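Okay, so here's the structure we're looking at.
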Amino acid sequence: AQKVTQAQTEISVVEKEDVTLDCVYETRDTTYYLFWYKQPPSGELVFLIRRNSFDEQNEISGRYSWNFQKSTSSFNFTITASQVVDSAVYFCALRSGGGADGLTFGKGTHLIIQP
Amino acid sequence: DGGITQSPKYLFRKEGQNVTLSCEQNLNHDAMYWYRQDPGQGLRLIYYSQIVNDFQKGDIAEGYSVSREKKESFPLTVTSAQKNPTAFYLCASTSGRRRDTQYFGPGTRLTVL
């Protein structure tokens, strides 16, 4: 069975601070895909990044960066110099098997950026 | 513009009534999905369809039904057998290729009165 754990239910920081959202996953498959989505108050899920299990390169996109470590089954997400607009719920998700299979989601981390 | 639409945005129903949620996509995607989100919870998979006229149960299919008569459309019916239907429902789609990403619609918030 697959499982995604986001242990941080809620994080509150002051604007311009750096913040890291943790994600730990479990799967028996050797090929799998990891995702991060952002859910603003409007409710729609916005795709942020996809990472394949065979590619452990970290990735940076502007103020966002992702650290994928297979040895610890973690896929953490860091926001540098946070802004109020980053306030949202962030979900980590896992897909194993075929491309059309459903995603297994963590319970999400509610990030609050205070001005 | 290509995308996924869900209607209505808010839906109210009386206990014991069936209700159908709409999901349409014009991305030419083969695979479509329905997820349910409860407050403070992650999304859970209800049903998914990889091709027209075929669909599979997800983790929480009881009390729900779907159809896939057209590639663009994947409606979800919440039946009276669903014991706790009040939730936020999200539809998603993807091409179905192994490396691809699921993209989501804006969601429908269902409240049972």
Rounded to whole Hz, the Karplus (6.51, -1.76, 1.60) HN-Hα couplings of region B:100-113, x for glycine and proline: 7, 10, 8, 10, 10, x, x, x, 10, 9, 9, 10, 9, 8
Amide H partners (placed H, <5 Å) of B:THR86, local residues excluded: B:VAL112
In order through region B:40-47: 3J(HN,Hα) via Karplus (6.51 cos²θ - 1.76 cosθ + 1.60), integer Hz, x for Gly, Pro: x, 10, x, 7, 10, 7, 9, 8
Inter-label distance, nm, simple model (7 Å from Cα along the C-beta direction), A:ASN52/A:HIS110: 3.8 nm
Inter-part distance where region B:72-112 and region A:19-48 are each reduced to a Cα centre, Å: 18 Å
Cut-off 15 Å between beta-carbons: net charge of the residues surrounding B:GLN56, Lys and Arg +1, Asp and Glu -1: -1
Spin-label pair A:ILE11/A:SER71, simplified geometry with 7 Å Cα→Cβ offset, distance in nm: 2.2 nm
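Local charge sum around B:PHE88 (other residues, Cβ-Cβ under 10 Å, Lys/Arg +1, Asp/Glu -1)?
On the way: positive: B:ARG36, B:ARG109; negative: B:ASP38.
Taking every Cβ under 10 Å from that of B:PHE88, the sum is +1.
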Amide H within-cut-off set for B:LEU21, under 5 Å, with H built and near neighbours excluded: B:LEU76, B:THR77, B:VAL78
Interchain or long-range residues, amide H under 5 Å from B:TYR47's placed H: B:TRP34, B:GLY58
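Summing Lys, Arg as +1 and Asp, Glu as -1, what charge do residues with Cβ under 13 Å from the Cβ of A:ASN58 carry, A:ASN58 excluded? List each step's numbers first, then the result.
On the way: positive: A:ARG51, A:LYS70; negative: A:ASP55, A:GLU56, A:GLU59.
Once positives and negatives cancel, what remains is -1.
Calculated FRET efficiency, B:GLN56 and B:ARG97, Cβ-Cβ r, R0 22 Å, to nearest 0.05?
Rounded to the nearest 0.05, the efficiency is 0.80.
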Under Karplus coefficients 6.51, -1.76 and 1.60, residue-wise ³J(HN,Hα) of region A:64-74 in Hz, glycine/proline x: 9, 9, 10, 10, 9, 10, 5, 4, 10, 6, 10
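None of the figures in this text is laboratory data; all of them are computed from the coordinates on show. Remember, it's a predicted structure, so these values are computed and weren't measured experimentally. Cβ atoms come from the backbone with ideal geometry, glycine included; neighbour counts cover every protein chain shown.
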